[in-house]
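**Student:** To start, I am sharing the structure in question, which I have written as structure tokens.
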Amino acid sequence: CLWVRNLRLKRRLPGPFAWPVVGNAMQLGQMPHITFSKLAKKYGNVYQIRLGSNDIVVLNGDAAIRQALIQHSTEFAGRPNFLSFQFVSGGKSMVFSSYSKQWKMHRKLAHSTLRAFSSANSQTKRAFEQHVVGEAMELVQTFLRLSRDGRYFNPAHEFTVAAANVICALCFGKRYGHDDPEFRTLLSRLDKFGETVGAGSLVDVMPWLQRFPNPVRSIYQNFKDLNEEFFNYVRDKVSQHRNTFSPEVTRDISDAIINVIDHGKDSTLPKDFVESTVTDIVGAGQDTVSTALNWIVLMLVTYPQHQAKLLEQIDKVVGRDRLPSIEDRSSLACLEAFIYETMRYTSFVPVTIPHSTTADVTFEGLHIPKDTVVFINQWSVNHDSQKWKDPHVFNPSRFLCEDGSLDRDLTAGVMIFSTGKRRCIGDQIAKVEIFLFTAILLHQCTLEHSPAQALTMDCSYGLTLKPLPFSIMARLRGKLLGLVS
Ligand code: HEM
């Protein structure tokens, strides 16, 4: 029939047959990244699917993804103009806006400000690390309190608060208690952010679904509401900063950005970009880090033999009289290997935020027109059997050389922060946080799971993969240490 023939003639890339109206939406399943990898076996690493009215190119495997994002970095650096993206950060998000001259300035400002507060010089590095150590010790105490009398608890929310506290202290100079009800409510709503913007979410590719009274409509409305609520929260904080701003003292990231945008001589970014930049940073830096910590703890309790090996190395390198610090990183190769293997194995950001092409591009002999939506399947890089031996086995020692040191060539092959022009700008901050939180938790406690609950790697899909709720108990190892000076 005619529409099938037209569809075939229009198709520039290989890919599965797409049904009218819905395209391939019904075939994505619960775990779209796994479906994308299966389709790659049939159609190759670069193929096309159709979701609603959008043709979408899906990139898979180490070679194709790196080639696209590095060799053709500008062409693949756009973002689609999805409606939901316009609700983020008051409609001025850097993370969700497409490639442009203004976006480049916006990204540069966010990146240099993050660096200035985490790694610019030895003083800021130390201040940031001390801050994370303080937060990690709060977490240890919270874990021990929740484990009193042999109780088991779900650590997910405590990780959310801990990660949010690190980023809020950087941005606003303020942290919150683990029991602060207002903060907990705000964070628990943010938890749902990734469901809407994750690749394969249908609200943007089939916007007509909103016209019907169905669950998609409420997902959409909730997304709008949670972004508004979060943006208003940040706007309040920024406005307090503006009211008490002094050019002589830069208290935190909010001040630093106000200084550049409101008072900088060369800034051409509009004033309301202050609020959006801070919202972007707090939003991007919170859910990702807490999800990473959640997975790490799940792997630690699932593999007690690995946990025991880590405790042994930590005791040998750090001893029992001080807390681990970032300087111990190079001596704690086993822990680094465990963290990299958790990132690789779980690939908890399975597909990046959707990209789009900024120009026509010919890639691997295939023509991809400007403004095509592109999904980048990071999971497929981390499970590419051409690159990894037994990719479906959890084996931290794959990252260790014979002499016990970390194999840096191999760790560089893990893809969780993406690559190219849209690569995550918080990767260094995230790595410091994840290392210190894990090292300090293990130095102070052993962790075990509830025997009443079978452990599973099952998870829910979104921008981040989240493990199903699980319960753990923390036992103090020796005496509780205070902060290092
Ligand atoms: C973007 C991963 C932590 C700030 C991204 C992207 C990924 C990612 C996959 C999308 C890249 C793309 O679309 O190709 C992660 C992971 C983290 C983490 C796995 C933790 C383990 C952080 C932190 C911050 C941050 C702590 C800030 C403090 C950002 C920003 C972007 C971004 C601003 C947008 C970049 C752009 O669109 O140009 N991140 N991230 N991230 N991340 Fe992260």
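The values are calculated or read from the model by the stated rules, or taken from the named source; none is laboratory data. What you see is a predicted model, and the numbers here were worked out from it, not measured in a lab. Reconstructed Cβ throughout: ideal geometry from the backbone, glycine too, with neighbour counts over all protein chains shown.
**Student:** Go through (1) within 16 Å of the ligand (Cβ to nearest atom); (2) exposed (fewer than 15 other Cβ atoms within 10 Å of the Cβ) for ALA439 and report which single condition fails.
**Tutor:** Failed condition: (2).
**Student:** Say whether the condition of being on the phi < 0 side of the Ramachandran plot and under 21 Å from the mean Cα position of the chain (by Cα) is met by at least one residue in the range 142-152.
**Tutor:** No - not one qualifying residue is present in the range 142-152.
**Student:** Another one. Looking at (1) within 19 Å of GLY61 (Cα to Cα); (2) basic (Lys, Arg); (3) away from the ligand (no atom under 16 Å from the Cβ), find the lone condition where LYS316 falls short.
**Tutor:** (1)
**Student:** Now, a different point. Quick one: what pairs do we get from the range 2-23, first residue farther than 12 Å from LEU51 by Cα, second at pLDDT 70 or above and in a loop (DSSP other than H, G, I, E, B), C-beta under 7 Å, 6+ apart or different chains?
**Tutor:** Final answer for the pair search is TRP3/PRO20; LEU7/ALA18; PRO14/GLY44.
**Student:** On to the next question. In the range 364-382, what count of residues is obtained for those that are of a type outside the set (A, V, I, L, M), touching a residue at least 24 places away in the same chain (Cβ under 8 Å), farther than 20 Å from SER97 by Cα and surrounded by fewer than 20 Cβ atoms within 10 Å (Cβ to Cβ)?
**Tutor:** The total comes to 2.
**Student:** Which one of TYR340, TYR345 is under 30 Å from ASN60 (Cα atoms), within 15 Å of the ligand (Cβ to nearest atom) and without any contact (Cβ under 8 Å) to a residue 60 or more places away in the chain?
**Tutor:** On inspection, the qualifying residue turns out to be TYR345.
**Student:** Then there is this: Of the numbered conditions (1) within 16 Å of the ligand (Cβ to nearest atom); (2) crowded, with 19+ Cβ neighbours inside 10 Å; (3) not polar (S, T, N, Q), TRP388 satisfies every one except a single condition; which is it?
**Tutor:** The one condition TRP388 does not meet is (1).
**Student:** What number of residues in the range 442-452 are in contact (Cβ under 8 Å) with a residue 24 or more places away in the chain and either within 16 Å of the ligand (Cβ to nearest atom) or of a type outside the set (A, V, I, L, M) (or both)?
**Tutor:** Adding up the residues that qualify gives 7.
**Student:** Still on this structure, please answer the following. So, in the range 264-300, how many residues would count as being buried (at least 21 other Cβ atoms within 10 Å of the Cβ) and away from the ligand (no atom under 16 Å from the Cβ)?
**Tutor:** 1
**Student:** Among what's in the range 99-125 and is of a type in the set (Ser, Thr, Tyr) and in a helix (DSSP H, G or I), pick the residue that is nearest to the ligand (Cβ to nearest atom).
**Tutor:** Checked the range 99-125; the qualifying residue nearest to the ligand (Cβ to nearest atom) is THR113.
**Student:** Here's a check for you: in the range 470-481, which residue that is out of contact with any helix residue (DSSP H, G or I) (no Cβ under 8 Å at 6 or more places or on another chain) and in a loop (DSSP other than H, G, I, E, B) is nearest to SER201 (Cα to Cα)?
**Tutor:** SER471
**Student:** Under 7 Å by Cβ, and 6 or more places apart or on different chains, what pairs join a residue from the range 278-303 that is among the charged types (D, E, K, R) with one that is not in a helix (DSSP H, G or I)?
**Tutor:** ASP280/SER93; ASP280/MET94; ASP280/VAL95; ASP287/ASP191; ASP287/THR464
**Student:** Turning to a different aspect of this structure: Determine if the range 473-482 includes at least one residue that is in contact with an Asp or Glu (Cβ under 9 Å, 6 or more places away or on another chain) and within 16 Å of the ligand (Cβ to nearest atom).
**Tutor:** No, the range 473-482 has no match at all.
**Student:** Quick check on my filter: what residues within the range 408-427 are part of a loop (DSSP other than H, G, I, E, B) and either crowded, with 17+ Cβ neighbours inside 10 Å or near the ligand (Cβ under 7 Å from one of its atoms) (or both)?
**Tutor:** Kept after step one, since they are part of a loop (DSSP other than H, G, I, E, B), are these residues of the range 408-427: 412-419, 423-426.
Result: GLY413, VAL414, MET415, ILE416, PHE417, SER418, THR419, ARG423, CYS424, ILE425, GLY426.
**Student:** While we're looking at this one, here's another question. Could you check the range 126-152 and list, in sequence order, the residues that are surrounded by 19 or more Cβ atoms within 10 Å (Cβ to Cβ) and either within 16 Å of the ligand (Cβ to nearest atom) or of a type in the set (A, V, I, L, M, F, W, C) (or both)?
**Tutor:** From the range 126-152, those surrounded by 19 or more Cβ atoms within 10 Å (Cβ to Cβ) are 128-129, 131-133, 135-137, 139-140, 142-143, 147; that's our starting set.
Scanning the range 126-152 gives PHE128, GLU129, HIS131, VAL132, VAL133, GLU135, ALA136, MET137, LEU139, VAL140, PHE143.
**Student:** Among ASP252, ASP266, which is the only one that is among the charged types (D, E, K, R) and in contact (Cβ under 8 Å) with a residue 60 or more places away in the chain? Spell out the reasoning first.
**Tutor:** On the way: ASP266 fails: in contact (Cβ under 8 Å) with a residue 60 or more places away in the chain.
Within the list ASP252, ASP266, the selection yields ASP252.
**Student:** Here's a follow-up. Kindly indicate whether PRO324 is touching a residue at least 12 places away in the same chain (Cβ under 8 Å) and closer than 30 Å to ILE34 by Cβ.
**Tutor:** The answer is no for PRO324.
**Student:** Still on this structure, please answer the following. In the range 454-469, which residues are part of a loop (DSSP other than H, G, I, E, B), in contact (Cβ under 8 Å) with a residue 40 or more places away in the chain and either in contact with a Leu (Cβ under 6 Å, 6 or more places away or on another chain) or farther than 19 Å from THR142 by Cβ (or both)?
**Tutor:** LEU455, MET457, TYR461, GLY462, LEU463, THR464, LEU465
**Student:** So, one more: Spot the failing condition for PHE338; the list is (1) within 24 Å of the chain's Cα centre (by Cα); (2) closer than 30 Å to SER450 by Cα; (3) exposed (fewer than 15 other Cβ atoms within 10 Å of the Cβ), and only one is missed.
**Tutor:** Of (1) within 24 Å of the chain's Cα centre (by Cα); (2) closer than 30 Å to SER450 by Cα; (3) exposed (fewer than 15 other Cβ atoms within 10 Å of the Cβ), only one is false for PHE338: (3).
**Student:** Restricted to the range 1-55, and to residues that are touching a His at 6+ places or on another chain (Cβ under 9 Å) and farther than 30 Å from LEU468 by Cα, which residue is modelled with the highest pLDDT?
**Tutor:** LEU13
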